[in-house]
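Notes to accompany the following structure.
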Amino acid sequence: MSSEQTHFLFSSLSNSLIAELSLELSCSSNNFCSARIKVPVSIITSLYNEVSLSQQKHIHTKGFISGNVPLEYIKQNFKKNIIEHIKEFLFRFCIIDFLYSELRKQKIIIAGEPKLLVVSLELDQDAYFLFEFTKYSDLIINEWKYFSFKSPSRKKYQDLDRQVDFFIKTEQEFLINHKEETLVPGDWVNFNIALNNTATNDLLLGLKQNFWFRLGNEKLESPLQDIFIGKKVGDIFSTDNKGFQDFFSNQLTSHYSFRIEIVDMLSSAYFCLDQFKHHFKLKTNKDVHKKLIEVFSYRDDLSQRRSMVEESFKLLLSKHQFTIPSYLTLRQQKILLEKISHNPDYNVYRKEKNFMTHVQNLAEKQVRESIFIDGFAYQENIDITHDDVKNYFNLMNRQRTKEFIYFQTPLSTIHGQEMPIQTEEIKRICLREKAINYAIYHLTKK
């Protein structure tokens, strides 16, 4: 390795993965980094045996009675298919989650998203997942709490106060009348998922991961929804639900037995004002009213809350000048165009004279804001907790309070169906939200 490179190695025992995963980072002087995650051979061997055994009863092949294909025949003749499946399964089950977790623990600012380059996986060997990303190390944050900030004012219409009072009263009544202790459509559920060992019915190597999932209340229901309806916190059960099989495996029809543990839930029946208080550090009912006004008061189609965030970023970024690589802007621009293309008015938008200029400016703005806020969160030692995630989802319970969320929410639907979201993916977004809330709290503090 050249003298221009830095190289460091750390191992971490994940709370959700009993077997040890290790992450090795290597960064060059131009901030291009590689991240190599090692998966111990013990996991690979156990997964290979489990997949082979679970396939035994379902494989139909010439010369053998259905359901009685010898296990060694499966291991030898379906080796390539099984190995490719294990790569996909591990990536979706724990690898990307582990990577995000460790980068956050090490307070490494990444620009954009990590890109998976290659997976090295063979039997009787440790497996390696190699990622690349751009590390941003040039950001130096000044003493920002003394910056002069003028908070956008609210509209003075008395009707806004009545709307907020009605909102609070309604949600309080919903809470009082809420008697349901089990999961219903619309609720969020937090759960651990593990693999059962087909041969022994014990947990396979203690492999366990944490996810969030929203029980959809639309006409197009997720195949996962039925297994959660009627369940409550603390319930533990096993399932071979097709939704989970498809979520973890596109390349092979899997037949896993999953063990599910309901860890927590968030009801959609009411907007929790206590969580709202905690989320924004509000002490009195008057503070709650004032904070809610921010998403009821609009000026030129922009809420007071949105204006507050925009002005905060405008101030902070004006005091912290830094350059971003052009390829990051182009990458974000591509993401924006893909999203906009699904809008019914896309053909109208793209005919506007300055359409591409607007998209480019927005892409650069989003990249700059995400880099800054990650570095800001790390410098201020802002951490993210399970309660922070619940408070975040509480804001999503009502269309009006979604306006308190600034950054793009994690994708929870695929082809219109709700799918699980990895906890670390949510924590990345929640940390950014918590950081900008922290900044606004101090900038507007009297």
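The values are calculated or read from the model by the stated rules, or taken from the named source; none is laboratory data. Bear in mind that the values here come from a model prediction, so they are computed numbers and not experimental data. Reconstructed Cβ throughout: ideal geometry from the backbone, glycine too, with neighbour counts over all protein chains shown.
So which residues in segment 369-382 are touching a residue at least 24 places away in the same chain (Cβ under 8 Å) and either under 25 Å from LEU292 (Cα atoms) or surrounded by fewer than 20 Cβ atoms within 10 Å (Cβ to Cβ) (or both), if there are any at all?
GLU369, ILE373, ALA377, TYR378, GLN379, GLU380, ILE382 - these are the residues of segment 369-382 that are touching a residue at least 24 places away in the same chain (Cβ under 8 Å) and either under 25 Å from LEU292 (Cα atoms) or surrounded by fewer than 20 Cβ atoms within 10 Å (Cβ to Cβ) (or both).
What residue, among those in segment 289-305 that are among the hydrophobic types (A, V, I, L, M, F, W, C) and out of contact with any Ser or Thr (no Cβ under 9 Å at 6 or more places or on another chain), is farthest from LYS156 (Cα to Cα)?
Across segment 289-305, the extreme among qualifying residues is LEU302.
Which residues, counting only those in segment 305-335, are modelled with pLDDT of 90 or more and aliphatic (A, V, I, L, M)?
The answer is MET308, VAL309, LEU315, LEU316, LEU317, LEU330.
Determine if segment 42-64 includes at least one residue that is under 22 Å from the mean Cα position of the chain (by Cα), within 27 Å of ASP246 (Cβ to Cβ) and without any contact (Cβ under 8 Å) to a residue 24 or more places away in the chain.
No, because not a single residue in segment 42-64 is under 22 Å from the mean Cα position of the chain (by Cα), within 27 Å of ASP246 (Cβ to Cβ) and without any contact (Cβ under 8 Å) to a residue 24 or more places away in the chain.
When the residues of segment 338-368 are filtered to those that are farther than 25 Å from ASN31 by Cβ and within 20 Å of the chain's Cα centre (by Cα), which remaining residue is surrounded by the most Cβ atoms within 10 Å (Cβ to Cβ)?
So, considering only residues that are farther than 25 Å from ASN31 by Cβ and within 20 Å of the chain's Cα centre (by Cα), the one surrounded by the most Cβ atoms within 10 Å (Cβ to Cβ) is LYS339.
Can you name the number of the only condition in (1) in contact with a strand residue (DSSP E or B) (Cβ under 9 Å, 6 or more places away or on another chain); (2) within 30 Å of HIS386 (Cβ to Cβ); (3) modelled with pLDDT of 90 or more that LYS135 fails?
(3)
Can you confirm whether segment 152-160 contains a residue that is within 25 Å of GLN379 (Cα to Cα), in a loop (DSSP other than H, G, I, E, B), in the same structural domain as ARG400 (by TED's automatic domain parsing) and under 31 Å from the mean Cα position of the chain (by Cα)?
No, every residue in segment 152-160 fails to be within 25 Å of GLN379 (Cα to Cα), in a loop (DSSP other than H, G, I, E, B), in the same structural domain as ARG400 (by TED's automatic domain parsing) and under 31 Å from the mean Cα position of the chain (by Cα).
Taking the stated definitions as given, is VAL348 in contact (Cβ under 8 Å) with a residue 40 or more places away in the chain, out of contact with any Pro (no Cβ under 9 Å at 6 or more places or on another chain) and over 30 Å from THR239 (Cα atoms)?
When the stated conditions are applied, VAL348 does not pass them.
Select, from ASN381, ASN391, ASN347, the only residue that is in the same structural domain as SER148 (by TED's automatic domain parsing) and at positive phi.
ASN381
Kindly list the number of the only condition in (1) modelled with pLDDT under 90; (2) exposed (fewer than 14 other Cβ atoms within 10 Å of the Cβ); (3) among the charged types (D, E, K, R) that fails for ASP159.
All conditions pass for ASP159, except number (1).
Among the candidates SER137, SER101, SER120, single out the residue that is free of Cβ contacts under 8 Å to residues at least 12 places away in the same chain and farther than 30 Å from SER297 by Cα.
So the residue among SER137, SER101, SER120 that is free of Cβ contacts under 8 Å to residues at least 12 places away in the same chain and farther than 30 Å from SER297 by Cα is SER120.
Outside the structural domain of SER52 (by TED's automatic domain parsing), surrounded by 13 or more Cβ atoms within 10 Å (Cβ to Cβ), under 31 Å from the mean Cα position of the chain (by Cα) and at pLDDT 90 or above: which single residue out of ILE168, ILE108 fits that description?
Working: ILE108 fails: outside the structural domain of SER52 (by TED's automatic domain parsing).
The conditions single out ILE168.
Pick from LYS286, LYS232: which is touching a residue at least 24 places away in the same chain (Cβ under 8 Å) and among the basic types (Lys, Arg)?
Details: LYS286 fails: touching a residue at least 24 places away in the same chain (Cβ under 8 Å).
On inspection, the qualifying residue turns out to be LYS232.
Which pairs have Cβ atoms under 7 Å, sit 6 or more apart or on different chains, and link a residue in segment 73-91 that is assigned to a helix (DSSP H, G or I) and among the basic types (Lys, Arg) to one that is at pLDDT 90 or above and surrounded by 15 or more Cβ atoms within 10 Å (Cβ to Cβ)?
What qualifies is LYS87/VAL119; LYS87/LEU121.
Considering only segment 120-178, how many residues are farther than 30 Å from VAL367 by Cα and not hydroxyl-bearing (Ser, Thr, Tyr)?
29
I'm trying to understand the selection: among the residues of segment 211-256, which are under 21 Å from LYS57 (Cβ atoms), in a loop (DSSP other than H, G, I, E, B) and polar (S, T, N, Q)?
ASN241, SER249, GLN251, THR253, SER254
With the structure loaded, tell me whether LEU17 is buried (at least 17 other Cβ atoms within 10 Å of the Cβ), outside the structural domain of ALA199 (by TED's automatic domain parsing) and at pLDDT below 80 or whether it fails that test.
Yes, satisfied.
Looking at (1) surrounded by fewer than 18 Cβ atoms within 10 Å (Cβ to Cβ); (2) among the hydrophobic types (A, V, I, L, M, F, W, C); (3) assigned to a loop (DSSP other than H, G, I, E, B), which is the one condition that is false for VAL295?
(1)
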